[in-house]
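Asks: Below you'll find the structure I mean.
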Amino acid sequence: MAGSGEKGVPGNKKSERADRLIRFKTGRRKVRKMSMWTASYQRNMILEEIKKWIQEEKEEEYGRFLRRIVPNLEAGQIQGVRTPKLRKYAKELSRRGEIGEFLTALPHGSFEENQLHAFLLEGEKEYGVCLEKLEIFLPYVDNWATCDQLSPKIFKKHRRQLLERIPDWLASQKTYTVRYGIGMLLIHFLEEDFQEEYLDWVAQVDSEEYYVNMMIAWYFATALAKQYRQAILYLEAGRLPRWVHNKTIQKGIESNRISKETKDYLRSLRR
């Protein structure tokens with residue numbers, strides 16, 4: 001019958017729209033799969049590249065030295081790449097768009113990868129972004145060297161905001177998160193931004209961990225050089241645990257920033 005072709009059937013228009021919708025959704029799924037594949041490929045490539053670089057730059061003798069001074073790590077975790085090389089490589093990596101794949105690949109498998117991560121964060125220029133990345137990384141920090149070398153430059157311009165985070169770090173159950181919080185007080189809050197209450201924050205940290213107590217001692221020894229009048233009260237009153245108390249005195253006596261007369265007095269306070 002004339003005019004009875006399929007184009008004139010309303011149901012076919014619905015079918016065409018359904019077909020287009022199916023093709024559209026299928027296309028989106030393919031794009032998502034391709035995007036996921038690309039991200040996975042980039043992740044694997046950057047991780048393999050970094051591992052290969054570490055193997056090429058490692059020095060066996062230096063690795064043995066590092067294993068002695070960072071004894072809590074397994075020997076196989078330390079390869080032996082020198083810090084200046086790691087810093088230079090981190091600067092090169094920071095310009096790579098896919099470096100975010102490395103930063104989220106936690107935990108890392110080696111000391112050198114943790115060091116690279118720390119040095120990448122040091123160069124982050126936006127405070128909010130830097131803090132967010134730091135909070136993700138901190139629970140995975142597993143040694144004193146990475147902990148102490150993780151000092152983003154941007155923090156100097158945002159000390160007030162930084163200070164808000166420190167009490168939570170000090171209250172953490174993670175050894176190196178606590179050490180990091182004490183370290184930030186040592187670096188940023190013992191001079192013009194010093195408040196006497198910060199000494200209390202550190203003195204109240206209760207830990208059996210060697211690397212926490214050593215940092216408390218370093219903090220008070222540095223405070224003796226920079227805020228002597230307030231810091232000496234904690235030794236005179238015996239407010240620190242005995243080991244921390246005596247280690248603080250030891251570090252103070254070893255310091256070039258403390259006078260001979262003060263060192264003699266510190267010796268008299270040993271317990």
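The values are calculated or read from the model by the stated rules, or taken from the named source; none is laboratory data. These numbers were taken from a predicted model, which means no experiment stands behind them. Counting neighbours? That spans all protein chains shown, and the Cβs are built from the backbone with ideal geometry, glycine included. For accessibility, only protein heavy atoms count, side chains too; no ligands or nucleic acids. Shrake-Rupley method; radii C 1.70, N 1.55, O 1.52, S 1.80 Å.
Asks: Here are some conditions: (1) buried (at least 19 other Cβ atoms within 10 Å of the Cβ); (2) outside any loop (DSSP other than H, G, I, E, B). Glu101 meets all but one. Which one does it not meet?
Replies: If we test Glu101 against (1) buried (at least 19 other Cβ atoms within 10 Å of the Cβ); (2) outside any loop (DSSP other than H, G, I, E, B), just (1) comes out false.
Asks: Look through Glu124, Glu192, Glu135, Glu208 and report the one residue that is out of contact with any Asp or Glu (no Cβ under 9 Å at 6 or more places or on another chain), outside any loop (DSSP other than H, G, I, E, B) and either open to solvent by 50 Å² or more (accessible area, probe 1.4 Å) or of a type outside the set (Ser, Thr, Tyr) (or both).
Replies: Glu135
Asks: Taking Lys51 as the residue in question, decide whether it is among the basic types (Lys, Arg), open to solvent by 30 Å² or more (accessible area, probe 1.4 Å) and at pLDDT 95 or above.
Replies: So Lys51 fits the description; yes.
Asks: Also, I was wondering about something else. Select from segment 139-150 the residues that are of a type outside the set (Asp, Glu) and crowded, with 18+ Cβ neighbours inside 10 Å and write down the one among them that is nearest to Pro107 (Cα to Cα).
Replies: For segment 139-150, the residue satisfying everything is Val141.
Asks: Hey, does segment 153-173 have a residue that's assigned to a helix (DSSP H, G or I), in contact with a helix residue (DSSP H, G or I) (Cβ under 7 Å, 6 or more places away or on another chain), of a type in the set (Ser, Thr, Tyr) and closer than 16 Å to Pro139 by Cα?
Replies: no
Asks: Go through segment 54-68 and report how many residues are free of Cβ contacts under 8 Å to residues at least 12 places away in the same chain, among the basic types (Lys, Arg) and loosely packed, with under 14 Cβ neighbours inside 10 Å.
Replies: Within segment 54-68, residues that are free of Cβ contacts under 8 Å to residues at least 12 places away in the same chain, among the basic types (Lys, Arg) and loosely packed, with under 14 Cβ neighbours inside 10 Å number 1.
Okay, residues lined up against (1) over 30 Å from the mean Cα position of the chain (by Cα); (2) at pLDDT 95 or above; (3) aromatic (Phe, Trp, Tyr):
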position: Val178; (1), (2), (3): no, yes, no
position: Ile187; (1), (2), (3): no, yes, no
position: Val205; (1), (2), (3): no, yes, no
position: Tyr210; (1), (2), (3): no, yes, yes
position: Phe220; (1), (2), (3): no, yes, yes
position: Gln227; (1), (2), (3): no, yes, no
position: Ile249; (1), (2), (3): no, yes, no
position: Ser255; (1), (2), (3): no, yes, no
position: Asp264; (1), (2), (3): yes, yes, no
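Asks: Starting from segment 230-247, keep only residues that are in contact (Cβ under 8 Å) with a residue 12 or more places away in the chain, then list their pairs with residues that are of a type in the set (Ser, Thr, Tyr) whose Cβ atoms are within a distance under 8 Å, requiring at least 6 positions of separation or different chains.
Replies: The qualifying pairs are Leu235/Thr248; Leu240/Tyr234; Leu240/Thr248.
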